[in-house]
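The values are calculated or read from the model by the stated rules, or taken from the named source; none is laboratory data. Being a predicted model, the structure only gives us computed values, none of them experimental. In this analysis, Cβ positions are derived from the backbone assuming ideal geometry, glycine residues included, and neighbour counts consider all displayed protein chains.
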Amino acid sequence: MSNVQQTYQLAQQQFADIGVDTETALNLLDKLPISMHCWQGDDVGGFEKGAGSLTGGIQATGNYPGKARTAVELRADLDKAMSLIPGKKRLNLHASYLESEHKVERNEIKPEHFANWVDWAKQNQLGLDFNPTYFSHPLSEEATLTHANKEIRDFWIEHGKACRKISKYFGKELGTASVMNIWIPDGSKDLVVDKFAPRQRLVESLDAIISEKIDPQYHIDAVESKLFGIGVESYTVGSNEFYATYAATRGTALCLDAGHFHPTESIADKISAVMPFIQHLLLHVSRPVRWDSDHVVLLDDETQAIANEIIRNQLFDRVHIGLDFFDASINRIAAWVIGTRNMQKALLKALLEPTAQLRQLENARDFTARLALLEEQKSLPWQAVWDMYCERHNVPVGRRWLDDVRGYEKTVLSQR
């Protein structure tokens, strides 16, 4: 018996003493896929022919060597990262990560431009999620779906429609629904007189994009809000109020990004606020520091609070968990591993909570015992259960995964 197994058995008994079955927790964790984001591997560059610099308030800071330059390199990097992460995973793609020998306009992208991604996903038994790319394009400099010029607006509407067909293709080919998330950078740096007209245009544009009904077993639409961004500090058309209302009235999923709100706001608290009104919720788990800076996810209070809300309310089939960070100042593969494993650890810790007992105490208004139990269970050996999970999935236990990343950096990344 390995040290991990011995330690796990001791932890298993300690959790059993408070009414928690660790095996049940591990089995449930296996059913909660994390959708990793492709853009961490290449600093949101994508693979469009003739693509320019990032725009739309998006920045990837740092110049750590070895970023992926092609889709082949990116998939290899993802393979390495996923080999160090236990459990079920998905991949979240942006439209700008298409593969074509020739330049393809965004309103003309087709499923065939993502065939290699689908083949790779099949080989790795992964689901794919998708995003239209409404930034880093000559026609996105002023606005996209809210542009006053109908021709430009129509271009971006056609892009959205084309992306929905690709998302449907993912769902059909892979047997799991693709969540397609719409985020646009439209807004204003300074004061705006007419805030209403752009929002009216956005409603019309979104309605046009989702006008074709698609079976939800293949495709789920989502819309994502933002408080502000670089270049849109004074006014963001797609605010939280706008998209929450849109999702509730149109039957789409709502995307909540942990970096898209005021620093004092927690998206964990918003989960139970919106779930009575929407069927599906998409989470972009990220970490802001001073703004929407998309730092690598930590196992911090906010991440834990998000996981607790999902598990305590048994939202397994209605909440889709994705990651959204892009740190170019550290090894990009390590960033994926750290962030994804931290999200999984938070989910596991939530699954190891004696939720039924805590709810009973709360209903009995025994707030003393509730607080005491919440605090005492924090000291229980959840790490031993996590180590057992890693061992069962044949991924490195503890920090040993870093040795694999360093080896890959030496033999692969340093040669780029």
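Let's see how each residue does on (1) surrounded by 16 or more Cβ atoms within 10 Å (Cβ to Cβ); (2) of a type outside the set (A, V, I, L, M):
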site: Thr368; (1), (2): no, yes
site: Leu373; (1), (2): yes, no
site: Glu376; (1), (2): no, yes
site: Val385; (1), (2): yes, no
site: Glu391; (1), (2): yes, yes
site: Val395; (1), (2): yes, no
site: Arg400; (1), (2): no, yes
site: Arg406; (1), (2): no, yes
site: Leu413; (1), (2): yes, no
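Could we say that Asp294 is in contact with a His (Cβ under 6 Å, 6 or more places away or on another chain) and surrounded by 24 or more Cβ atoms within 10 Å (Cβ to Cβ) here? Here the answer is no, as Asp294 does not meet what is asked. Checking Ile278, Ile230, Ile220 one by one, the residue that is without any contact (Cβ under 8 Å) to a residue 40 or more places away in the chain and outside any helix (DSSP H, G or I) is Ile278 and no other. With respect to Ser35, is the statement that it is touching a strand residue (DSSP E or B) at 6+ places or on another chain (Cβ under 6 Å), in contact (Cβ under 8 Å) with a residue 40 or more places away in the chain and either at negative phi or in a loop (DSSP other than H, G, I, E, B) (or both) true? When the stated conditions are applied, Ser35 passes them. Search region 118-149 for residues being polar (S, T, N, Q) and surrounded by fewer than 20 Cβ atoms within 10 Å (Cβ to Cβ), and hand back the single one that is farthest from Ser188 (Cα to Cα). So, considering only residues that are polar (S, T, N, Q) and surrounded by fewer than 20 Cβ atoms within 10 Å (Cβ to Cβ), the one farthest from Ser188 (Cα to Cα) is Gln123.
How do the pairs read when you match residues in region 354-367 that are in contact (Cβ under 8 Å) with a residue 24 or more places away in the chain and small (Gly, Ala, Ser) with residues anywhere that are surrounded by fewer than 16 Cβ atoms within 10 Å (Cβ to Cβ) and outside any helix (DSSP H, G or I), using Cβ under 8 Å and keeping only pairs 6 or more apart or on different chains? So the pair list comes out as Ala356/Gly19.
Test of understanding: among Asp294, Asp300, which residue is closer than 30 Å to Ile230 by Cα and without any contact (Cβ under 8 Å) to a residue 24 or more places away in the chain?
On the way: Asp294 fails: without any contact (Cβ under 8 Å) to a residue 24 or more places away in the chain.
When all the criteria are applied, what remains is Asp300.
Annotation for region 7-23: no member residue is within 30 Å of Gln357 (Cβ to Cβ) and in a strand (DSSP E or B).
Each row is one residue, and each column tells you yes or no for (1) of a type in the set (Phe, Trp, Tyr); (2) buried (at least 16 other Cβ atoms within 10 Å of the Cβ); (3) touching a Phe, Trp or Tyr at 6+ places or on another chain (Cβ under 7 Å); (4) modelled with pLDDT under 95.
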| position | (1), (2), (3), (4) |
| --- | --- |
| Met1 | no, no, no, yes |
| Ala16 | no, no, no, no |
| Trp39 | yes, yes, yes, no |
| Gly46 | no, yes, yes, yes |
| Asp77 | no, yes, no, no |
| Leu84 | no, yes, yes, no |
| Leu91 | no, yes, no, no |
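Looking at region 64-119 only, could you name the residues that are of a type in the set (A, V, I, L, M, F, W, C) and part of a helix (DSSP H, G or I)?
As a first pass, look at region 64-119 and keep what is of a type in the set (A, V, I, L, M, F, W, C): 68, 71-72, 74, 76, 78, 81-82, 84-85, 91, 93, 95, 98, 104, 109, 114-115, 117-118.
Residues satisfying the conditions are Ala71, Val72, Leu74, Ala76, Leu78, Ala81, Met82, Ala95, Phe114, Ala115, Trp117, Val118.
Any chance region 215-226 includes a residue that's hydrophobic (A, V, I, L, M, F, W, C) and surrounded by fewer than 19 Cβ atoms within 10 Å (Cβ to Cβ)? Among the residues of region 215-226, not one is hydrophobic (A, V, I, L, M, F, W, C) and surrounded by fewer than 19 Cβ atoms within 10 Å (Cβ to Cβ), which makes the answer no.
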